[in-house]
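A quick write-up on the structure given underneath.
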Amino acid sequence: MIEPWLLISACGVLGLLIGSFLNVVIYRVPVMLKRGWAKDASEYLEEEEVQDSIMLGAEARSDLAKAAKAVKDALALLPPFSLTQPRSRCPACGHPISAIENVPIASYLVLRGRCKACKTRISARYPIVEATTGLLFAACAWRFGLTPELACGLVIVSVLIALTLIDADTMLLPDSLTLSLLWLGVLASAFHFGFVPVLDSVIGAAAGYCVFWLIAMLFRVLRGVEGMGAGDFKLLAALGAWFGWTALLPIVLLSAGVGSVVGISLIVFGRKTLLSRLPFGVYLAPAGMLMLFYGSEITALVLPGGN
Ligand SMILES: [Zn+2]
């Protein structure tokens, strides 16, 4: 039997390292997505068959073909960009960041938050993401001990941290993250190491998607605006898959509460312009984390008489 403090510290340290990787994910995944969309669009619009079928006039066709080719050629010339390539660099001077300058939190403190080469300030968000991930990993170890739920918790926390910040930065909730989280939740339940029976999980996923889809439809019909994106449907579906359909109402209610907390922290980190149209994933993902730690207590509060 492993000592609880040892497990909690080990998970905390693992969280610092994963947090460092999440910083890379948060910055690079949206760029990779947008590059992919630009490449697909340019290749699509270059095809004569496509130009025929959308019935463009001759002049527009030739302009479109030229523009599409220019974009495609420009993209082809860019150096590869992925989670592993290129090595991390200082955005100001291009100084490559060595392993010793990349130790979670410690490097930031030793370098006093500045690039080693050009002394430009490095965003405090990097160490904050690392520390938050470390703390939440430690909290999972404290909450679940050495159990299959611990592994589930670490996965959920990691994906939700990445989604929260990607949504705050770009208003995107990448499918690669929301749908992976959804299917992992269903699989975990199917193999009996998740938090709810598989039927609750499947209904939770389907109902989670439908609830937001319906709300978005209503918004569109009544007010003629897009209230929510499909990414929000998929994220609520993923949370439904992990925590079951009974968790959906508490999660939606919590999101509103969490929203004010997140809103205040965004002001503290100087991102207050987002307040006017805060992306909903920024509310949802932290509400999902609260469900992870206090699911049964919260559900009992919101749905008295349930279990
Ligand atoms: Zn620099």
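The values are calculated or read from the model by the stated rules, or taken from the named source; none is laboratory data. Everything numeric here is computed off the predicted structure, so don't read it as measured data. Here the Cβ positions follow ideal geometry from the backbone for every residue, glycine too, while neighbour counts run over all protein chains shown.
Any residue at all in the range 73-80 that's within 16 Å of the ligand (Cβ to nearest atom), over 27 Å from Leu14 (Cβ atoms) and either hydroxyl-bearing (Ser, Thr, Tyr) or touching a residue at least 24 places away in the same chain (Cβ under 8 Å) (or both)?
Of the residues in the range 73-80, the ones within 16 Å of the ligand (Cβ to nearest atom) are none.
Looking through the range 73-80, none of the residues is within 16 Å of the ligand (Cβ to nearest atom), over 27 Å from Leu14 (Cβ atoms) and either hydroxyl-bearing (Ser, Thr, Tyr) or touching a residue at least 24 places away in the same chain (Cβ under 8 Å) (or both).
Under 6 Å between Cβ atoms, at least 6 apart or on separate chains: pull out the pairs that start in the range 51-70 with a residue that is closer than 20 Å to Asp40 by Cβ and end on any residue that is basic (Lys, Arg) and part of a helix (DSSP H, G or I).
Gln51/Arg61
Which of the residues spanning the range 90-112 are surrounded by 13 or more Cβ atoms within 10 Å (Cβ to Cβ) and either free of Cβ contacts under 8 Å to residues at least 24 places away in the same chain or within 21 Å of the chain's Cα centre (by Cα) (or both)?
Taking the range 90-112 and keeping what is surrounded by 13 or more Cβ atoms within 10 Å (Cβ to Cβ), we get 90, 92, 95, 97, 101-108, 111.
His95, Ile97, Glu101, Val103, Pro104, Ala106, Ser107, Tyr108, Leu111, listed by residue number.
Find the helices (runs of 4 or more DSSP H) located wholly in the range 102-202 whose residues include 3 or more that are within 16 Å of the ligand (Cβ to nearest atom) and either assigned by TED's automatic domain parsing to the domain that holds Ala92 or within 23 Å of Asn23 (Cβ to Cβ) (or both), and list them.
On the way: elements: 106-110, 125-144, 148-170, 175-190.
Filter on the range 102-202 gives 106-110.
Is one or more of the residues making up the range 212-226 part of a helix (DSSP H, G or I), touching a residue at least 12 places away in the same chain (Cβ under 8 Å) and in contact with a helix residue (DSSP H, G or I) (Cβ under 6 Å, 6 or more places away or on another chain)? Lay out the reasoning, then the answer.
So the first thing to find is which residues in the range 212-226 are part of a helix (DSSP H, G or I), and the list is 212-223.
Keeping just the survivors that are touching a residue at least 12 places away in the same chain (Cβ under 8 Å) gives 212-213, 215-216.
Okay, now just the ones that are also in contact with a helix residue (DSSP H, G or I) (Cβ under 6 Å, 6 or more places away or on another chain), so 212-213.
Looking for residues that are part of a helix (DSSP H, G or I), touching a residue at least 12 places away in the same chain (Cβ under 8 Å) and in contact with a helix residue (DSSP H, G or I) (Cβ under 6 Å, 6 or more places away or on another chain), one finds at least one in the range 212-226, hence yes.
Would you point out the residue of the range 222-267, among those that are at pLDDT 80 or above and of a type in the set (Val, Ile, Thr), that is surrounded by the most Cβ atoms within 10 Å (Cβ to Cβ)?
Ile251
For every residue, the table says whether it meets (1) within 16 Å of the ligand (Cβ to nearest atom); (2) over 27 Å from the mean Cα position of the chain (by Cα); (3) in a helix (DSSP H, G or I); (4) farther than 29 Å from Leu165 by Cα.
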| residue | (1), (2), (3), (4) |
| --- | --- |
| Pro30 | no, no, yes, no |
| Arg35 | no, no, yes, no |
| Leu45 | no, yes, yes, yes |
| Arg87 | yes, no, no, no |
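List the residue pairs whose Cβ atoms are under 7 Å apart, where the first residue sits in the range 115-132 and is closer than 16 Å to Ala99 by Cβ, the second is aromatic (Phe, Trp, Tyr) and away from the ligand (no atom under 16 Å from the Cβ), and the two are 6 or more positions apart or on different chains.
Taking only residues 6 or more apart or on different chains, not a single pair turns up.
So, Leu184, is that one aliphatic (A, V, I, L, M) and either out of contact with any Gly (no Cβ under 8 Å at 6 or more places or on another chain) or within 20 Å of Gly12 (Cα to Cα) (or both) or not? Even if it seems obvious, please write down each step before you answer.
Details: aliphatic (A, V, I, L, M): yes; either out of contact with any Gly (no Cβ under 8 Å at 6 or more places or on another chain) or within 20 Å of Gly12 (Cα to Cα) (or both): yes.
So Leu184 passes the test.
Could we say that Leu292 is at pLDDT 90 or above and of a type in the set (A, V, I, L, M) here?
The answer is yes for Leu292.
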